[in-house]
1. Take the residues in region 34-45 that are assigned to a helix (DSSP H, G or I) and touching a residue at least 40 places away in the same chain (Cβ under 8 Å); name whichever of them is surrounded by the fewest Cβ atoms within 10 Å (Cβ to Cβ).
2. Among the residues of region 235-254, write down those that are aliphatic (A, V, I, L, M) and in a loop (DSSP other than H, G, I, E, B).
3. Can you pull out the residues in region 173-195 that are open to solvent by 60 Å² or more (accessible area, probe 1.4 Å) and free of Cβ contacts under 8 Å to residues at least 60 places away in the same chain?
4. Check ALA231 against each of (1) hydrophobic (A, V, I, L, M, F, W, C); (2) surrounded by fewer than 16 Cβ atoms within 10 Å (Cβ to Cβ); (3) assigned to a loop (DSSP other than H, G, I, E, B) and name the one condition it does not meet.
5. Identify, please: which residue in region 203-226 is more than 23 Å from ARG11 (Cα to Cα) and out of contact with any Phe, Trp or Tyr (no Cβ under 9 Å at 6 or more places or on another chain) and is, among those, most open to solvent (accessible area, probe 1.4 Å)?
6. Could you tell me whether any residue of region 246-261 is aromatic (Phe, Trp, Tyr), open to solvent by 50 Å² or more (accessible area, probe 1.4 Å) and either within 30 Å of GLU75 (Cβ to Cβ) or at pLDDT 95 or above (or both)?
7. Name the single residue, out of those in region 111-141 being out of contact with any Asp or Glu (no Cβ under 6 Å at 6 or more places or on another chain), among the hydroxyl-bearing types (Ser, Thr, Tyr) and at pLDDT 85 or above, that is nearest to ALA50 (Cα to Cα).
8. Among the residues of region 233-241, are any touching a Pro at 6+ places or on another chain (Cβ under 8 Å) and acidic (Asp, Glu)?
Amino acid sequence: MTRVLGIHGVRNYKAVDTTPALGAKRLRGDWLEALGSAVPRLDLDTAYYADLLRSRRQGEGEFDDLDEAEVALVEQWALAWGVTPDGVQGRATGWLRWICGEVAQRSGESPAVVEKTVRLFFPEVTRYFDGGRSGVHERVREALLRHRPDVVVAHSLGTVVAYEVLHRLGDELDVRLLLTLGSPLALPHAVFHRLDPAPQDGFGRRPANVRRWVNVADTGDFVAVPKGALARAFPEIEQLPDISIARWWPHSVLDYLRHPSVNGAVTGH
């Protein structure tokens, strides 16, 4: 039996998640369905923290303009794509669409898909770093110590959470595999330079309680940038070749989980 703990990324809050336990149960069902029969003898649990980072400014499914802190992160993300966001003026929706259009041209993807990714991702990243960290850490720490997984599968912002919490746990755990999907860990300034523990001499490091760390990214994943930088910034990572999970939404955790390379990593830990 392989014990797996899933650590989700952004935009996972649903109105039906009236308690963290119910949110975790819902996510567990989704992840089990996605992995399907490709991963036999699976004991899967999920750590849930989406309620701690959800915006109080917006209803479910709606998007507000970005605030100043969120705009600052978007600027760093744009620079990672080689786009210089000159002359930004606060919550400039037109500016954001221009940035996303420039990135879309460089990536060959739809501007609407790029903008959707930005609006989903950066508000929760901002809330995580600007006050949400301790609460999220406590939720994930509790789940890790309760489930004591052989494998940790983390997606999107969840890869940042997993990295930081596993470092804090030290020898309290023995994780055979950390599998990161669509990770922004190497994004300069917006994420990489804000990690705790901080990078040393320009490099992050594998948590001491993790025997093996494997990273997977979709070739069109707008969050997993700069392309190829993760393996350079974290030398102990095994970077699998880029994959294609979904043409129209290349950051979905469920599409990642359905991919054979992800199934193979979990079963071959």
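The values are calculated or read from the model by the stated rules, or taken from the named source; none is laboratory data. All of these numbers come straight from a predicted model, not from anything done at the bench. Heads up, the Cβs are rebuilt from the backbone with ideal geometry, glycines too, and the neighbour counts pull from every protein chain shown. To get the accessible areas, we keep the full protein, side chains included, count just its heavy atoms, and leave off ligands, DNA and RNA. Shrake-Rupley method; radii C 1.70, N 1.55, O 1.52, S 1.80 Å.
1. So the first thing to find is which residues in region 34-45 are assigned to a helix (DSSP H, G or I), and the list is 34-38.
Remaining after also requiring touching a residue at least 40 places away in the same chain (Cβ under 8 Å): 34-36, 38.
Values: ALA34: 20, LEU35: 22, GLY36: 11, ALA38: 16.
Per the stated criteria, the residue is GLY36.
2. Restricting attention to region 235-254, the residues satisfying the condition of being aliphatic (A, V, I, L, M) are 237, 240, 243, 245-246, 253-254.
LEU240, ILE245, ALA246, listed by residue number.
3. Residues of region 173-195 that are open to solvent by 60 Å² or more (accessible area, probe 1.4 Å), as a first pass: 174, 176, 189, 193-194.
Answer for region 173-195, where residues must be open to solvent by 60 Å² or more (accessible area, probe 1.4 Å) and free of Cβ contacts under 8 Å to residues at least 60 places away in the same chain: ASP174, HIS193.
4. (3)
5. To start, the set of residues in region 203-226 that are more than 23 Å from ARG11 (Cα to Cα) comprises 203-214.
Adding the requirement that they be out of contact with any Phe, Trp or Tyr (no Cβ under 9 Å at 6 or more places or on another chain) leaves 208-212, 214.
Numbers: ALA208: 102, ASN209: 8, VAL210: 1, ARG211: 146, ARG212: 71, VAL214: 1 Å².
Taking the candidates together, the pick is ARG211.
6. To start, the set of residues in region 246-261 that are aromatic (Phe, Trp, Tyr) comprises 248-249, 256.
Next, only the ones that are open to solvent by 50 Å² or more (accessible area, probe 1.4 Å) stay: 248-249.
Retained after the next criterion (residues that are either within 30 Å of GLU75 (Cβ to Cβ) or at pLDDT 95 or above (or both)): 248-249.
Within region 246-261, one or more residues are aromatic (Phe, Trp, Tyr), open to solvent by 50 Å² or more (accessible area, probe 1.4 Å) and either within 30 Å of GLU75 (Cβ to Cβ) or at pLDDT 95 or above (or both).
7. Going through region 111-141, the residues out of contact with any Asp or Glu (no Cβ under 6 Å at 6 or more places or on another chain) turn out to be 111-121, 124-125, 127-141.
Now restrict to residues that are among the hydroxyl-bearing types (Ser, Thr, Tyr): 117, 128, 134.
Next, from what is left, pick out any that are at pLDDT 85 or above: 128, 134.
Details: TYR128: 10, SER134: 14 Å.
The qualifying residue nearest to ALA50 (Cα to Cα) is TYR128.
8. Residues of region 233-241 that are touching a Pro at 6+ places or on another chain (Cβ under 8 Å), as a first pass: 233.
Adding the requirement that they be acidic (Asp, Glu) leaves none.
No, every residue in region 233-241 fails to be touching a Pro at 6+ places or on another chain (Cβ under 8 Å) and acidic (Asp, Glu).
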